[in-house]
1. Within segment 402-446, count every residue that is among the hydrophobic types (A, V, I, L, M, F, W, C) and crowded, with 19+ Cβ neighbours inside 10 Å.
2. Out of all the residues in segment 598-629, which are in a strand (DSSP E or B) and farther than 25 Å from Trp119 by Cα?
3. If you check Gly180 against the conditions, is it surrounded by fewer than 16 Cβ atoms within 10 Å (Cβ to Cβ) and in the same structural domain as Gln144 (by TED's automatic domain parsing)?
4. If Thr491 meets every condition in (1) within 21 Å of Arg437 (Cα to Cα); (2) assigned to a loop (DSSP other than H, G, I, E, B); (3) without any contact (Cβ under 8 Å) to a residue 40 or more places away in the chain apart from one, which number is that one?
5. Testing Leu664 on (1) aliphatic (A, V, I, L, M); (2) in contact with a Lys or Arg (Cβ under 7 Å, 6 or more places away or on another chain); (3) farther than 24 Å from Pro397 by Cα, one condition comes back false. Which one is that?
6. Hand me the list of strands (runs of 3 or more DSSP E) wholly inside segment 63-113 holding 1 or more residues that are closer than 16 Å to Ala264 by Cα and of a type in the set (S, T, N, Q).
7. When residues of segment 374-390 are filtered for being surrounded by 19 or more Cβ atoms within 10 Å (Cβ to Cβ) and of a type outside the set (A, V, I, L, M), how many remain?
8. Scan segment 157-177 for residues that are surrounded by fewer than 24 Cβ atoms within 10 Å (Cβ to Cβ) and outside any strand (DSSP E or B) and jot them down.
Amino acid sequence: MKVYSSDKIRNIALMGHSGSGKTILAEAMAHATGVTNRMGRIEDGTTLSDWDDEEIKRSQSINASLIPVEWADHKLNVLDTPGYPDFIGDVISALRVSEAGMVVVDAVAGIEVGTELAWQHLEQENKPRFIFVNKMDRDNADFQRVVDALNNTFEGHFVPVLLPIGAEDNFSGVVSVIEGEAYMGPEGKPGDAPAQLEEALEEAKLELVEAAAESDDELLMKYLEGEELTPEEVFTGLKNAIREGAVTPVFSGSAAKEIGIRAAMDLIISLVPSPVDAAPYPAIIDGEEGELPGDPNGVTAALVFKTIADPYVGRITLFRVFNGTLKSDSRMYNINKRAEERMGHIFTLRGKEQLPVKEVPAGDIAAAAKLNVTVTGDTLVEKGVNIVLPPPKFPNPLYAVAIRPLTQADSAKISNALNRLVEEDPTLKWYNDTSIRQLILQGMGDVHITIAVNRLKSKFGVNVVTETPKVPYRETVSKTAKAAYRHKKQTGGAGQFAEVHMRVEPGTDEQDLVYEWEVFGGAISSTFMPSIEKGIRQVMKEGVLAGYPVVKVKVAVYDGKEHPVDSKDIAFQIAGREAFKKAFHEAGPIFLEPIYKVEVIVPEEYMGDILGDLNTRRARVLGMDTVRGKSIITAEVPYAELLRYANDLRSITQGRGIYNIEFLRYEPVPQHLSQAIIDEAKREKEEK
């Protein structure tokens, strides 16, 4: 593919609700620019974006795909992102390397859950926003209704820039509000605007010109003095207003019928900031906050925003160059891993197709294969340069399952497979929780986890069984108690003898075990002090009540007896272990459970339902707030009550609620729930 200069590049992320037409919009752009001979279909699994087996099987995007197209001597890097909330990680990654986001809205359905989520992320990242009202050829399509809903729902000024000609079966083209020219049919042939649109066109143009004039003092003076602004001046003013977030242009069209696509690409080139316009970019330079000018002739710095784990090709690393020019067959330095990487042949991806490129200037996006240590979020720089680009900020996982390898062969491969899975998708996490003896896989929801498990099998040949994870309880004591234990064993040869007296009491938050030696007068030789501690630690690891680790205890050995011949290390280990168990049972044993801080964001009408549901989950509500029609509820909730909250919240709010969680601390389990934990542990033991 031809190398384009930074000012000729446009990076834009397609965002929005699942099914709004993002993938077909990218497909239409590719077809309109001659990339493909025919439009792909989601139903047939023939689109450029949805090339993954899981995407084809489910007929929905689950990965962000790069679709570069060439139009009017410009390169448009179109990033098609998933609409389903579980795959928000790819949306965040794509937005991190884009200058703007285009939210695709269904002209019939209007604003949906995914529309709101996309808008929230654009606001958080403070990126210029565009709206594409799609499916104008459908029955009951209503462009003005969507524009009104946008203005009523979101904070901002939504201004049409492409008005539809006709609707439903009669939808035949679009009119550029700025130029007044019509683009008819799939070919976008120029023509005159229909007479019936004159009034709407005049009204939209007035609104657009006012918005453009308000962004620039000179333009505003000219406008107030009654002079007419030229199309170039309108574009300039509008571009400034878009960058400042004061205006959101609204396009109309039909991706499936390819109507309005060429006009939309013309406006993307005119209105979306180029990498040159968007510079400078924040970076940590020599350990201090600084900025990169986005200069293609400067030192090279690139950010890795996505990793694809291909079982045949190996790891494919997608990156965006923010400064300098990255050349094929060069060597770069991974500043995060402190390791050199040979870049090999650089290519750009179009779906899964690899298009070789000689170099990648600042602002462009490309990929490299088989890098050794580089993963998503890493910065690649020239050797000797100390620049770190801020990585994408991913949310904490919300949903977890316990996974178990099906066979011994699966067990041998599972760690490597999970590592590669997490490299590909940073919103997935896994760890081996020794306290509950389970392998835990965490993600953003049940669909996210299901697809991850399917990929373990299809990509890496690892079969697993999933089950609900146990809650990682802890055991401790609530009061002081004493106990003694004598271990005596006599066989034909040497015997075993040890007697230990100990005191157990609540410990500190800093240490799980505070071990003290209070034996005076030589009742037990101090050489057996480590042996007793070893026995205690064995019990703490295995648990006393229900098999959960013991934490925050103080143990003092204050007396005992030994035998000059039969006392040995193993005898005092056993005596220490059994004395600790006895004392623990007498010291008011309790369970501790993990408590999480939960922030739930829902439309105001669901606030009562959410509060009622949280009350059933033993939640302590810390605060409530309302911001722009959204209720924000902050609460502390036991982890045991959050295991399936992602599904429940989606059900209560019809998918319009979101939440995030953060671990806080451990707290005692209410007494009436403790026996159920013990009973469950006994049942599991009996089953085994």
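The values are calculated or read from the model by the stated rules, or taken from the named source; none is laboratory data. Computed from a predicted model, the values in this text were never measured in an experiment. Cβ sites come from the backbone with ideal geometry, for glycine too, and all protein chains shown count toward neighbours.
1. If we filter segment 402-446 for residues that are among the hydrophobic types (A, V, I, L, M, F, W, C), which is where we start, we get 402-403, 406, 409, 412, 414, 417-418, 421-422, 428, 430, 436, 439-441, 444.
Checking the rest, the ones that are also crowded, with 19+ Cβ neighbours inside 10 Å come to 403, 414, 417-418, 421-422, 428, 430, 439, 441, 444.
The number of residues fulfilling the criteria is 11.
2. Taking segment 598-629 and keeping what is in a strand (DSSP E or B), we get 598-603, 620-627.
Matches in segment 598-629: Arg620, Val621, Leu622.
3. yes
4. Only one criterion in (1) within 21 Å of Arg437 (Cα to Cα); (2) assigned to a loop (DSSP other than H, G, I, E, B); (3) without any contact (Cβ under 8 Å) to a residue 40 or more places away in the chain is unmet by Thr491, namely (1).
5. Single failed check for Leu664: (3).
6. Working: elements: 65-71, 74-80, 100-106.
Because the criterion is at least 1 residues that are closer than 16 Å to Ala264 by Cα and of a type in the set (S, T, N, Q), the strands (runs of 3 or more DSSP E) in segment 63-113 that meet it are 74-80.
7. 5
8. Within segment 157-177, His157, Gly166, Ala167, Glu168, Asp169, Asn170, Phe171, Ser172 qualify.
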